[in-house]
């Protein structure tokens, strides 16, 4: 099979819904190159003004944490409640701190 | 099953029972994965094949406004198909494999799209009834246990409500129009009513996989439950239109607090699923043709992308 018959690569699509917000994962799509991925992302994910900016990233370029490591990876934060403001009981007089 | 797998499966079941979401890289039972691949890909195929009966009327819509609306709706269906194919791909199946299964007839799609759209009123009836039934089925899927499917369904459902409303409006305009227009609307209702009820699938007593899907939180309500809801919701809408639902057994049951309705002709349903509906061959042939006619475009785009990539690589090498 020649390489031209291969499926177009997969791209992950990130959209900034409005100025001032970060790009958020919207979904994925297939496209031959980045330019086409942006065009397709516009048609597939922003038909109702859902975005003002689009990022596309080749799906295989994303490195992800492993779900099996979830506990080791995120548990150390579990017992550090003092990182949250509610940990500190203050007199009622300082109500807005 | 090994003890490790049993342990994983027990954890998975508990997780799902707590209404938590499963994400692509999480462990899941093979049967769960297979069920989802089948369901999501069938759902995607239905969106894509569903473009055909309506595409039929784009060039013949009665006004520019209606044409623009219909175009937008058909484009939405394409988008819904794409969201769903992407969701299915997260489970490890390729787009090519799914399309292949559709084109060879191995995969199914909703049998409703094997009925023809004969008049403009069918655009009304399809939006009102077919999209109405689809919404009834799809809203609970927004809370299904598989994250990517649930997220795709949230998008789909948001967009789908315009589809139903525009369909009802088409029916309303016809029902309030000339006697001929009203007759056209009635005729469309007559033809689409029963196939729409069939969209909810077999009766619960004949739906063997439902219990497992319910346990996995893929399915939240039974086929008969959703069908009853659809009938209860739609009967008053038909009354408002001044049209008659083609069912002599249809009547309000005070005791149950629901409408009773007639027996569905399941023979017809299974016959259409088997491939003997009025348009099965035509629909599949249209999909295969579109895919084959597009082959050179896909290849050309690939070739172009490779050429651009090569140019870039060359430029970098020379610069260095």
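What follows is calculated from the coordinates using simple rules that are stated; it is not laboratory data. This one's a predicted model, so the numbers in the text were calculated from it and none came from an experiment. A quick note on method: Cβ atoms are made from the backbone with ideal geometry, for glycine too, and the neighbour counts reach across all protein chains shown.
Here the relative contact order of chain B, from alpha carbon pairs under 8 Å that lie six or more residues apart, stands at 18 percent. Averaged over the residues of B:298-305, the number of partner chain Cβ atoms lying within 10 Å of the residue Cβ comes to 6.
Counting only DSSP H runs of at least 4 residues, each contributing -39500 (n - 2.57), and dividing by the residue count of chain A, the helix-based mean residue ellipticity at 222 nm comes to -5000 deg cm²/dmol. Take B:234, A:46 and order them by how many other Cβ atoms sit within 10 Å, fewest up front. Least to most surrounded, the residues fall as A:46, B:234. Could you work out how far helix B:64-89 tilts from the main Cα principal axis of chain B, as a 0 to 90 degree angle to the nearest 10? Orientation of helix B:64-89: about 50 degrees from the principal axis. Exposure proxy for A:89, B:311, B:73: other Cβ atoms within 10 Å of each Cβ, ordered fewest to most, give A:89, B:311, B:73. Taking the Cα of residue A:53, stepping 7 Å toward and past its beta carbon, and measuring to each backbone N in region A:16-31: which are under 14 Å? Correct set: A:16-25. In units of the compact-protein estimate 2.2 N^0.38 Å, chain B shows a Cα radius of gyration of 1.13. Considering only B:305, B:185, B:61, the Gaussian network model of chain B with Cα springs below 10 Å gives its largest mean-square fluctuation to B:305.
Compute the acute angle (0 to 90°) between the alpha-carbon long axis of helix B:223-241 and the principal axis of greatest extent of the alpha-carbon atoms of chain B; round to the nearest 10°. Result, in degrees: 50. The Rg/Rh ratio for the protein assembly as shown, using Cα coordinates for both the radius of gyration and the Kirkwood hydrodynamic radius, is 1.02. Report, to the nearest 10°, how far helix B:30-49 tilts away from the longest principal axis of the Cα atoms in chain B, using its own Cα long axis and a range of 0 to 90°. Here the helix axis deviates by roughly 60 degrees. Both radii come from the Cα set of region B:7-60: Rg as radius of gyration, Rh as Kirkwood radius; their ratio Rg/Rh reads 1.28. Working from label points 7 Å from Cα in the Cα-to-Cβ sense, the residue B:26 to residue A:90 distance is 3.8 nm. Counting other Cβ atoms within 10 Å as a rough exposure proxy, the listed residues B:261, B:162 run B:162, B:261 from fewest neighbours to most.
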